[in-house]
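Written below as structure tokens is the structure these notes are about.
The values are calculated or read from the model by the stated rules, or taken from the named source; none is laboratory data. Everything quoted here is computed from the prediction, not taken from an experiment. All Cβ positions, even for glycine, are placed from backbone atoms using ideal geometry, and neighbour counts span all protein chains on display. Calculation scope for accessible area: heavy atoms of the full protein, side chains included, ligands and nucleic acids excluded. Shrake-Rupley method; radii C 1.70, N 1.55, O 1.52, S 1.80 Å.
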Amino acid sequence: MAILEMKNIRKAFSGEEILKGISLSCKEGEVLSIIGPSGSGKSTLLRIATLLEKAEGGELFYDGKAIFSLTEGQKKQATKEEKEEAKKLFGLVFQNFNLFPHWTVVKNVMDPLIHVQRKTKEEAEEKAKAVLSQMGLLEKAEQYPYSLSGGQKQRVAIARALALEPKILFFDEPTSALDPELTGEVLSVIRSLKGQKMAMVIVTHEMTFAKDISDRILFMADGEVICEGSPEEVFSSEQERMKSFLGNYQNLLS
Amino acid sequence: MEWTVVLWKLGEGLLVSLGIFAITLLFSLPLGLLVAFGRMHKNPLISGIIKIYISFMRGTPLMLQLFMVYYGPYYIFKVSLHPGYRMTAVYIGFILNYAAYFAEIYRSGIQSMDRGQYEAAEILGYSKMQCFFRIILPQVWKKILPSITNEVISLVKDTSLAFSISVMEMFTQAKALSSSQSSMLPLIMAGVLYYIFNFVVAFIMEQMEKKMAYYQ
């Protein structure tokens with residue numbers, strides 16, 4: 001069964017349609033990348049999936065349970081409790097990290113474990129140290145975020161999300177705020193997460209990365225899904241819009 | 001009269017001034033936060049009323065406000081109050097006035113926070129209360145501390161306005177001593193004491209700012 005299922009999602013900002021009926025689903029352990037030109041609605045879609053933004057139409061399910069169902073016949077929202085339950089299933093890594101600057105690295109990772117998951121301080125610290133060392137950041141545990149590089153900050157943000165053990169982790173352009181040198185270290189830690197039970201949905205402009213890591217790729221433009229399939233299928237697509245988008249990328253490689 | 005006697009009298013006044021200062025801060029800092037919430041409230045009636053309140057407090061003299069709190073009950077409602085009400089009136093007047101200023105400072109601090117902080121907290125599962133008190137407020141404090149310092153320094157000097165309703169604080173004492181002895185000395189000494197008071201306040205606030213400089 002799909003962990004995440006979105007059906008026919010629609011969204012408009014001040015009359016302009018950003019999402020014109022997008023559907024996608026993601027199974028346990030699956031890695032799905034969403035690519036496409038800027039302004040195509042990728043981030044908005046992710047914000048709707050993570051309940052940071054409201055959709056105007058469509059349906060959203062986590063683990064088969066409806067979070068909202070806004071079709072022509074009905075307008076149904078899950079209760080607040082049901083939404084809170086669903087929120088425990090997912091995590092989100094932001095483009096600009098959004099670490100809490102007044103807390104040390106380890107406190108950033110530990111605090112939600114203590115105050116949201118109600119773990120003891122010892123359990124939380126153990127878990128936090130484990131994910132930090134997985135991200136290669138154990139020696140930074142006592143530092144404050146401002147003293148870290150962008151790549152390190154993003155790895156802390158990933159550690160913070162991982163510590164809560166989500167079933168599905170969303171990445172909203174995780175390397176777009178980083179220079180090429182730092183991009184590599186973040187991409188390689190994301191790669192290292194593949195093959196575990198956790199599903200990942202990644203919005204990215206890193207084409208090579210998307211091609212390597214994804215089980216499935218979804219190409220979006222102008223608020224619509226243009227094509228969808230395995231990396232091989234999508235990258236060899238004869239679809240015009242897809243070809244023109246990838247054209248530049250292919251030129252870069254050859 | 002010996003200058004030591006003058007100093008003694010001024011010291012008594014200083015204690016009253018200190019009392020006004022401490023009580024005002026103790027109550028107006030939390031009240032200001034509540035007022036700031038009211039000011040940012042979604043309900044336009046609530047935010048409207050709070051806006052008028054703030055506008056009145058900032059737009060009229062504190063001395064006039066003290067008069068209204070002290071004499072208002074008698075002139076408007078014909079209630080004669082216990083003489084001890086004088087002190088209470090001073091506290092109420094100062095707290096209401098300073099809460100309005102603090103509210104605007106809190107509001108500017110809260111509104112300048114990056115939306116991403118709220119979003120990250122929400123995604124991680126923090127409740128709205130946890131998010132505000134654990135994540136937002138500590139950062140707001142750091143941002144607004146210099147503005148708070150300004151207000152606190154003003155407050156030290158403003159305590160002398162209690163003179164207007166004859167509270168025996170330091171300025172009232174100095175004025176009385178000065179006229180009874182036809183001398184500038186009590187006023188000069190009071191000035192020095194106010195200056196020392198504020199010097200200490202500024203030092204403490206500076207230490208607090210330094211303490212918060214551990215992150216950027």
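One table, with the values for the structure above:
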{"quantity": "Given A:Lys54/A:Lys119; A:Lys20/A:Lys243; A:Lys11/A:Lys153; A:Lys153/B:Lys143; A:Lys119/B:Lys142; A:Lys87/A:Lys194, the pairs whose alpha carbons are separated by over 24 Å", "calculated": "A:Lys54/A:Lys119; A:Lys11/A:Lys153; A:Lys119/B:Lys142"}
{"quantity": "Bins of 5 Å, starting at 0 and running to the largest distance - Cα pair percent for the range A:107-254", "calculated": "2, 8, 17, 18, 18, 13, 9, 7, 5, 3, 1, 0"}
{"quantity": "Where a label projected 7 Å from the Cα of A:Phe13 along Cα→Cβ would reach, residues of the range A:204-243 with amide N under 16 Å", "calculated": "A:221-224"}
{"quantity": "Test item: Cα-centred dipole of chain B, Lys/Arg +1 and Asp/Glu -1 on Cβ, debye", "calculated": "500"}
{"quantity": "Diffusion coefficient, µm² s⁻¹, Stokes-Einstein with Kirkwood Rh over alpha-carbon pairs of the range A:100-165 at 25 °C and 0.890 mPa s", "calculated": "217"}
{"quantity": "Amide H contacts under 5 Å for A:Phe171, placed H, 5+ residues apart", "calculated": "A:Val93, A:Val201, A:Ile202, A:Val203"}
{"quantity": "Neighbourhood charge, 13 Å Cβ-Cβ cut-off, centred on B:Leu25 and excluding it, Lys, Arg +1 and Asp, Glu -1", "calculated": "-2"}
{"quantity": "For the range B:3-212, the Rg and Dmax computed from alpha carbons only, in angstrom", "calculated": "20.2, 70"}
{"quantity": "Extreme residue, positive dipole direction of the protein assembly as shown, given options A:Leu45, A:Val109, B:Leu62 (C-beta unit charges)", "calculated": "B:Leu62"}
{"quantity": "Convex hull volume per residue for the protein assembly as shown, taking Cα atoms only, in Å³", "calculated": "210"}
{"quantity": "Probe 1.4 Å, all protein chains present, accessible-area order of A:Glu122, A:Glu5, largest first", "calculated": "A:Glu122, A:Glu5"}
{"quantity": "Separation in nanometres of the label points that stand 7 Å from Cα toward Cβ, at B:Lys210 and B:Leu15", "calculated": "3.2"}
{"quantity": "A:Asp172, A:Asp212, A:Asp111, ranked by accessible area, largest first (probe 1.4 Å)", "calculated": "A:Asp212, A:Asp172, A:Asp111"}
{"quantity": "Compactness of chain A as Cα Rg over 2.2 N^0.38 Å, two decimals", "calculated": "1.03"}
{"quantity": "Cα long-axis angle, helix B:185-211 against chain B (0 to 90 degrees, to the nearest 10)", "calculated": "20"}
{"quantity": "Cα gyration tensor, the range B:56-116 - rounded (a/c under 1.5), prolate or oblate", "calculated": "prolate"}
{"quantity": "Rounded to 10°, Cα long-axis angle of helix B:44-59 versus longest principal axis of chain B", "calculated": "30"}
